[in-house]
Amino acid sequence: MNFDGDVSDRLIGACRDAVWVLSEQRSSRDTASNGALGEFRGVFADCFQDNMAAERAARLELIHMLEDVARQVQGAKSAAESEQRRLDEVTAWALASGWAGAGSGIAVDVGLRPSVEETDRPVVSVETARQGLRAWVSGSTAGASSAEPDALDFAVSIFKTQDDTARCAADQVSAAVWEFELECSWAHTDLNAVVSGLRRFLEDNRQDADRLSAIASTFRAAGGSGHVGQLAVSNGALVLATVPASLSGAALLNYLSTGTLQVQKCISSERLNRVLFVSHQDLLVLHYPRELTREGISNPHG
């Protein structure tokens, strides 16, 4: 039978380590989130609060899933040990019976024949952890939001440090799952949900941290350098900083053409220069619709 007890122990240990990491991070993550929300107002603050609630729920789901995997693998190990003892007893009885049947002249008490009924092969499987959708904007540019960028940046630093630690624990779990499925195939296993669930959780966290960082950079660009305190920025500028693709081409160009001085400062930030692209041709059409024909701008660089 193919079941390595040491390999199963490594998976149990990796799951328990990941549970400890995810559990220990909850308090400091909540503290950082609450600190960021202290002066955060507007639709983006509401999105952030909803996403943090989704993160907490997903984290708890993963903790329970990992605990369940550890319990199931421990049960599979016990079943494998029981089956191995049965196989050893059957082998010993068969050898003794063969010795007695050979007529060696030595009395051999072979005892009762051990059970020939195989131990039920265990199933190690978990369902996909429920993780809510995390969204940042609806695409509307109406209204404004306010925040203290230093508080947002501090939360981002906590989140990224924690996620680096959690990623190491998740990598250990993924490696242990792969080894278990290879070296313990006597048990029926389906643990894809473990690997994919951890991967999605960490990717969602990365996107949240990146977008919160972009929001902080946008506030800071609007208010200057150094400690700028609480600032208000239009939601349109924040849409451009976080999910510019949510704006249609026409709406994006119109917004850029009518943006306030504050928005222009935000757009000039290094962060937005990396994520925002508007073609030269589209800008020509926007600013010179009468002067240029479609033929005249078919090659704007000509």
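Helices (runs of 4 or more DSSP H) wholly in segment 164-259 with at least 3 residues that are at pLDDT 60 or above - which ones?
Those helices (runs of 4 or more DSSP H) span 192-223, 235-242.
If you go through segment 171-190 and keep only what is under 16 Å from the mean Cα position of the chain (by Cα) and open to solvent by less than 10 Å² (accessible area, probe 1.4 Å), you end up with just V173. Selection of segment 73-91 for residues being surrounded by fewer than 18 Cβ atoms within 10 Å (Cβ to Cβ) and within 26 Å of A170 (Cβ to Cβ) yields Q74, G75.
Filtering A129, A94, A70 for residues that are open to solvent by less than 40 Å² (accessible area, probe 1.4 Å), in a helix (DSSP H, G or I) and either modelled with pLDDT of 65 or more or on the phi > 0 side of the Ramachandran plot (or both) leaves a single hit, A70. Screening V19 on (1) surrounded by 14 or more Cβ atoms within 10 Å (Cβ to Cβ); (2) farther than 22 Å from A129 by Cα; (3) β-branched (V, I, T) shows it passes everything except condition (2).
For segment 2-48, what are the residues that are part of a helix (DSSP H, G or I), within 17 Å of P149 (Cα to Cα) and either touching a Leu at 6+ places or on another chain (Cβ under 6 Å) or not polar (S, T, N, Q) (or both)? If the condition is that a residue be part of a helix (DSSP H, G or I), within 17 Å of P149 (Cα to Cα) and either touching a Leu at 6+ places or on another chain (Cβ under 6 Å) or not polar (S, T, N, Q) (or both), then A32, G35, A36, L37, V43, F44, A45, D46, C47, F48 are the ones that fit.
The values are calculated or read from the model by the stated rules, or taken from the named source; none is laboratory data. Model, not experiment: these values are computed from the prediction. Please note: Cβ atoms are built from the backbone with ideal geometry, for glycine as well, and neighbour counts cover all protein chains shown. Only protein heavy atoms, including side chains, enter the accessible area calculation; ligands, DNA and RNA are left aside. Shrake-Rupley method; radii C 1.70, N 1.55, O 1.52, S 1.80 Å.
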